[in-house]
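Chemist: Right, I'll just put the structure down here and ask away after.
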Amino acid sequence: MGIKRYNGATGGWGSLRGIASVFGRERASPAVLETLARQNKPGGTMCTSCAWGKPARPHLVEFCENGAKATIWDLTRDRCTPAFFAAHTVTQLRAWSDYDLEMQGRLTSPLRYDAASDRYVACGWDEAFADIGAGLQALDPKSVVFYASGKASLETSYLYALFARLYGHNNLPDSSNMCHETTSVGLKAVVGSPVGTCVLEDFEHCDAIFYFGQNPGTNSPRFLHPLRDAVKRGCKIITFNPVRERGLEHFVDPQNPLEMLTGHGTELSTMYLQVGPGGDIAALMGVCKHVLAIDSAGVIDRAFIADHTKGFDEFAEHARAASWDEIERASGLARAELEKAAEIYAKAERVIGVYGMGLTQHVHGTQSIGMLVNLLLLRGNIGRQGAGICPVRGHSNVQGQRSVGISEKPELVPLGRLAELFDFEPPREPGLTTVDACEAIRAGTVKAFVSLGGNFVRAIPEREAMEDAWCDLALTVSIATKLNRSHLIHGKTSYLLPCLARPEEDMQASGRQTVTIEDSFSHIHGSIGKRSPADARLLSELAIVAGMAKATLPPHPKWRWDEWTGDYALVRDLIEATYPEEFRDFNARMFQPGGFYRGVPAHDRIWKTQSGRAEFTTPDVMSALGVGDAPGRYHLITMRSNDQFNTTIYGFADRLRGLAGSRMILLINPADMARAGLREGDRVDLVSDAGDGVHREVRGLTVTPFDLPDGCVGGYYPEMNVLVPLWYHDKASKTPASKGVPVIIKKAV
Ligand SMILES: Nc1nc2c(c(=O)[nH]1)N[C@H]1C(S)=C(S)[C@@H](COP(=O)(O)OP(=O)(O)OC[C@H]3O[C@@H](n4cnc5c(=O)[nH]c(N)nc54)[C@H](O)[C@@H]3O)O[C@H]1N2
Ligand SMILES: Nc1nc2c(c(=O)[nH]1)N[C@H]1C(S)=C(S)[C@@H](COP(=O)(O)OP(=O)(O)OC[C@H]3O[C@@H](n4cnc5c(=O)[nH]c(N)nc54)[C@H](O)[C@@H]3O)O[C@H]1N2
Ligand SMILES: [Mo]
C-alpha cells in the first residue's frame, strides 16, 4: 500500500471514474440508468445513500458519485442464493471480509440457520414467520430488542415501532444511537427541537458557514453544489477539521463542461483550521471569547438574547474568563486564527453552523453542540432566513424513523394517541439505546434481537467482546438486502429475511406502492421503485414487518396487518392520525417538489425547551475527549473512505485522500512518526489505552504519513471498532465516541 498525493478536486472526472468502476464490477443492469435519471427528483426514487435534501428544482443529474454507487450496489445482477449457503458453513464465512460477503450479491430466499449442518438453509415465508412469532411469544417482550438502521421507509418504520409496542417494549434503538443521537439529545435540550433548524434554501442566503467535522465530498456530495454556489455569492466557509478533506477545499462541478475541461473549480474554505480531535469546545470558546471582546460595535444581538434566550450572562462570564493558553492547548489552534474566524463571524449578517460525526462522536459531544449553538445565539443566528444549526444526517431516512416512533425514549412518542388508535396499553418504561442493548446482551438479560436492516454487530464498539455474547441469544432475525457479518454472528434460532431494495417495484394488492422518507431538512418525499425485484421470492420490508407482527400478536380488529400491507396509503393515514400537525394531508402532499416540510418549532423561534427559551450552556470541560493526553498516547479518529457506505465496502480506494489499495492503514503525521521512530510502510499494531485494563488490539496496520495534528492518528471504520470501549460514549446521549479513541502504537514483531 503506497500513499499517492492527490491534488485534484472533489467532483470532476475522478467522481465519474469512481461510479464507472463500481458499475463495471457489479455487472449492474443498464436499466440502472433509468433509476439514476429519476433519482432524488419529484416522483422518482429517493437515493438510499445519504439524507441530504432534495431540491424542488433538481439539476438534470441529481445524484452524486456515492449515490450512484449505492443504487448500482442495490441493482447488481449477482445473487447470493441458497446454493451459496449450501457450499459454505457459517463458521467458514465468518473468516470472510465485509467486502467479500456483500460482493455475493442480493439475498434471494428466506433462510433459517441449521445448527446440525452449520449452514443457512432456505425456508418458506410462512414457516419463518410462524417460527419467529412462536419464538417471540415465548419470551418476555422486555428481553427483546428491535433495532433499525436508518433506511427503511416511514411506513415500514411506523409499523415496526407499533409492532414493538403492541408486543410490549420500547427497545427501539436505531443507527442514530451511534450517530446523531448527540444531536437529538443536545439540540433538544438547548433549542427544544431534536433536529436541524435550517431548510435547504437557507444556503442561498447565508454570509458565512461555520463547518465542523463533516465530510461532504464523501458523505453528502450533493451538498457541494450549494456550498459552491454560496462561495460564489461571497459566502465565507470556516472549516474546523483535523483532516484536510479535499471535499472542503476544492470542487470541480461534474455538471459544468467548462470546469470539467479545464479542471478549474471553486476553492471552498476561506479558512481551514486543523483543530485537534475533540478540540471544538475550546475552538468555539476562543471564537465566542473574541466575539464578546469586540462587541462594542453592537456585535452581540442583545434584543434577541433578551427576548429569546437564557443563560447568556453566565456563559459570557465563563468565556471572558477562559484563558487563551488553555484554549490554544485544548484546540490545537492559534489565538490569531480563532480571532480571525471570530471577526468573520461578527461581520456576517447570517451564519449557519454545520456539523457531523466530528462533533457527535465524542465523550463530550453534547457540549460541543451546545458551544456551536452558543456561538449562533450570540448574534441571533437561529430561526431566521440564511441562518441556523444544520446537523448533516447519515442514513437516508434516519431522521424520519425517529419522527414516526422508532425511539427508545417513550416521552418522545405520542403513546396516548397510539393507545386510542390501536386500543391497547403501550409500555411506558424507557427502552434500550444501542449501548444499553450491548450491555444487556453481555449481561444475558436480552434474549432476542431483530434487525430492520443494518450490520449492528459490525457497527458497534468493542465488537470482538460483543460477538461472544451475541451467540448466546435465543433468537436473531435480520431483514436485509445483502449478506454481512452480523448475519453470521447469530442466535440459537436465526432467520435471514431478504427484502426489496428501494429502487425496486413494490407491488401489493392495491397496485404499485410508494414509500416516503424524511431528509436532513425535515422534508418528506415520496419514492417509487420501478426496477423488477432481484428475485420473485423477495418481500417488501413492510410486508416482512407485518408478517412477523401478525404471527406474534393475537388477532385484533384494529390491527389490520394484511390491509396495511395491501395499501401503504392506509399506513400514511395512520401516521397522519398519530402526528396530525406534522403529517397533515400526507397522502396528498408526498410528491410536492422539494418535499413537504413537517415543521421544526426552533425554525420559527418556538423553543420547546424546559425554560421555553433557547439556552446558552456553559461547558464544564475544555476538550470533548473522554481521556486526556499521556506519554505515548494518541487519539484515534475512525474514518469513512470515499469507497464505503458504513460497513458496506465498495472498494479499496479513498480517492479524495489520495489513498488506495488497503484499508488496514494507520495515518499519522511525519513529526509524530519521527518521534515514535516509525517509517512509512512499517507494520504496527494499535492497542487500547483507555485505562480500564481491558486488552483491545488491531494488528497489522501499515504506517502511512498523512497531514494530521500532533497526537492524532486515523484509521478506518469498521476495522478499528474493536478499539472503541463500550463505555466510551457521549455522556448525555450514549453515542459511542468513535472520533477520539485513546490508543498506543506498538511496532509489530
Ligand atoms: N459515501 C458515504 N456516504 C455516507 C456514509 C458513508 O459511510 N459513505 N455514511 C452515512 C452516515 S450513516 C453518516 S452518519 C454520515 C457521516 O458523515 P460525516 O458526519 O461526514 O462523518 P465521518 O466521515 O465519520 O466524519 C466526519 C469528519 O469529522 C472529522 N473529525 C474527526 N474528529 C473530529 C473532531 O474532533 N472535530 C472536528 N471538527 N472534526 C473531526 C473527520 O476528519 C471527518 O472529516 O454520512 C452518511 N453518508
Ligand atoms: N468506529 C466507528 N463506528 C461507527 C461509526 C464511525 O464513524 N466509527 N459510525 C456509526 C454510524 S454514523 C452509523 S449510522 C452506524 C451504521 O450502522 P448500520 O446502519 O447498522 O450499518 P450499515 O453498514 O449501514 O448496514 C449495512 C447493511 O444494511 C443492509 N441493507 C442495505 N440496504 C438495505 C435496505 O434497503 N433494507 C434492509 N433491510 N437492509 C439493507 C445490508 O445487508 C448491509 O450489509 O455505524 C456506526 N459505527
Ligand atoms: Mo450514521
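Read-outs: derived from the displayed coordinates by stated rules, not from any lab. It should be emphasised that the depicted structure is a prediction, and the values quoted were computed from it without experimental measurement. Glycine gets a Cβ as well: all are built from the backbone with ideal geometry, and neighbour counts include every protein chain shown.
Chemist: Ordered by packing density, taken as the mean number of other Cβ atoms within 10 Å over each peptide's residues, highest first, how do 533-542, 438-447 rank? Each step should come with its number before you reach the end.
Modeler: Details: 533-542: 20.6, 438-447: 17.9.
Taking the mean over residues of other Cβ atoms within 10 Å, the ranking is 533-542, 438-447.
Chemist: Suppose we keep just the DSSP beta bridges with both residues in the chain; what percent of those would be antiparallel, to 5?
Modeler: Working: 38 of 89 bridges.
Around 45 percent antiparallel, to the nearest 5.
Chemist: Treating only the Cα positions of the stretch 534-616 as identical point scatterers, give the base-10 log of I(q)/I(0) from the Debye formula at each q in 0.10, 0.15, 0.25 Å⁻¹.
Modeler: -0.44, -0.78, -1.18
Chemist: Another question about this same structure. Which ordering of 744, 238 is given by a fewest-first count of other beta-carbon atoms within 10 Å? Display every interim value, and only then the final one.
Modeler: Details: 744 16, 238 23.
Ordered from fewest to most neighbouring Cβ atoms within 10 Å, 744, 238 come out as 744, 238.
Chemist: Once the dipole of the stretch 654-749 is set up with Lys and Arg at +1 and Asp and Glu at -1 on Cβ about the Cα centre, which of 658, 748, 718 lies farthest towards its positive end?
Modeler: It is 718.
Chemist: Another question, then. Please compute the length gained on full extension between residue 576 and residue 652, using 0.36 nm multiplied by the number of residues separating them and subtracting their Cα-Cα distance. Please list the in-between numbers first.
Modeler: Values: separation 76, 0.36 × 76 = 27.36 nm, distance 4.41 nm.
That pair, residue 576 and residue 652, stretches by 23.0 nm at full extension.
Chemist: By a straight-distance test (C-alpha under 16 Å), which lysines pair with residue 608 as possible cross-link partners, with residues fewer than eight away in the same chain excluded?
Modeler: Correct list for residue 608: 188, 310.
Chemist: Using 10 Å bins from zero, what percent of all Cα-Cα pairs in the stretch 345-424 falls into each bin?
Modeler: 15, 31, 31, 17, 5, 1
Chemist: For the chain, with equal point scatterers placed on the C-alpha atoms only and solvent neglected, what are the log10 I(q)/I(0) values from the Debye formula at q = 0.05, 0.07, 0.08, 0.09 1/Å, to two decimals?
Modeler: The Debye formula, applied to the Cα set alone, gives -0.23, -0.46, -0.61, -0.78.
Chemist: Between Rg and the Kirkwood Rh of the stretch 544-585, both from Cα atoms, what is the Rg to Rh ratio?
Modeler: Values: Rg = 11.6 Å, Rh = 11.2 Å.
Using Cα coordinates only, the ratio equals 1.04.
Chemist: For residue 83 and residue 530 in the same chain, what is the full-extension length gain: residue separation times 0.36 nm, less their Cα-Cα distance, in nm? Write out the running numbers ahead of the final one.
Modeler: Numbers: separation 447, 0.36 × 447 = 160.92 nm, distance 2.78 nm.
In short, 158.1 nm is gained.
Chemist: Spin-label point model (7 Å from Cα, Cβ direction): what's the residue 472 to residue 138 distance in nm?
Modeler: 1.9
Chemist: Between Rg and the Kirkwood Rh of the stretch 181-392, both from Cα atoms, what is the Rg to Rh ratio? Let's see the in-between values first.
Modeler: Values: Rg = 16.6 Å, Rh = 17.3 Å.
Radius of gyration relative to Kirkwood radius: 0.96.
Chemist: For residue 747, go through the aspartates and glutamates and keep the ones whose alpha-carbon is under 12 Å away, minus same-chain ones fewer than eight residues off.
Modeler: Of all the aspartates and glutamates, those that pass the test against residue 747 - Cα under 12 Å, at least 8 places apart if same chain - are 682, 685.
Chemist: At 0.36 nm per residue, and after removing the present C-alpha to C-alpha distance, how many nm does the segment from residue 34 to residue 99 gain when stretched out fully? Write out the running numbers ahead of the final one.
Modeler: Values: separation 65, 0.36 × 65 = 23.40 nm, distance 2.66 nm.
Extra length available between residue 34 and residue 99 comes to 20.7 nm.
Chemist: Provide the packing ranking of 137-143, 699-705, i.e. peptides ordered by the mean count of other C-beta atoms within 10 Å per residue, highest first.
Modeler: Numbers: 137-143: 14.7, 699-705: 17.9.
In descending order of packing, they fall as 699-705, 137-143.
Chemist: Taking the stretch 634-747 on its own, what percent of its Cα-Cα pair distances exceed 21 Å?
Modeler: Numbers: 2267 of 6441 pairs.
Of all Cα-Cα pairs in the stretch 634-747, 35 percent lie more than 21 Å apart.
Chemist: Based on other C-beta atoms within 10 Å, arrange 131, 126 from fewest to most.
Modeler: Details: 131 17, 126 11.
Going from sparsest to densest Cβ surroundings: 126, 131.
Chemist: Based on the mean of other Cβ atoms within 10 Å per residue, sort peptides 348-361, 472-485, 563-576 so the most packed one is first.
Modeler: Working: 348-361: 25.7, 472-485: 22.5, 563-576: 19.7.
Averaged packing, sorted descending, gives the order 348-361, 472-485, 563-576.
Chemist: So, one more: Over the stretch 537-613, what is the relative contact order in whole percent, taking alpha-carbon pairs under 8 Å and six or more residues apart?
Modeler: Values: 36 pairs, mean separation 11.4, N = 77.
This gives 15 percent for the stretch 537-613.
Chemist: Follow-up question, since we're still on this one. Which of 178, 43, 438 sits closest to the plus end of the dipole of the chain, meaning its Cα is farthest towards the positive end, when Lys and Arg get +1 and Asp and Glu get -1 on the C-beta?
Modeler: Toward the positive end, the furthest listed residue is 43.
Chemist: Among all the lysines, which ones have a C-alpha under 19 Å from residue 232's C-alpha, if same-chain residues fewer than 8 places away are not counted?
Modeler: 347
Chemist: List the pairs from 41/530; 492/550; 409/731; 54/151; 142/409; 69/482 whose alpha-carbon separation is above 18 Å, in the order I gave them.
Modeler: Details: 41/530 14 Å; 492/550 23 Å; 409/731 16 Å; 54/151 16 Å; 142/409 14 Å; 69/482 15 Å.
492/550, as the Cα separations exceed 18 Å there.
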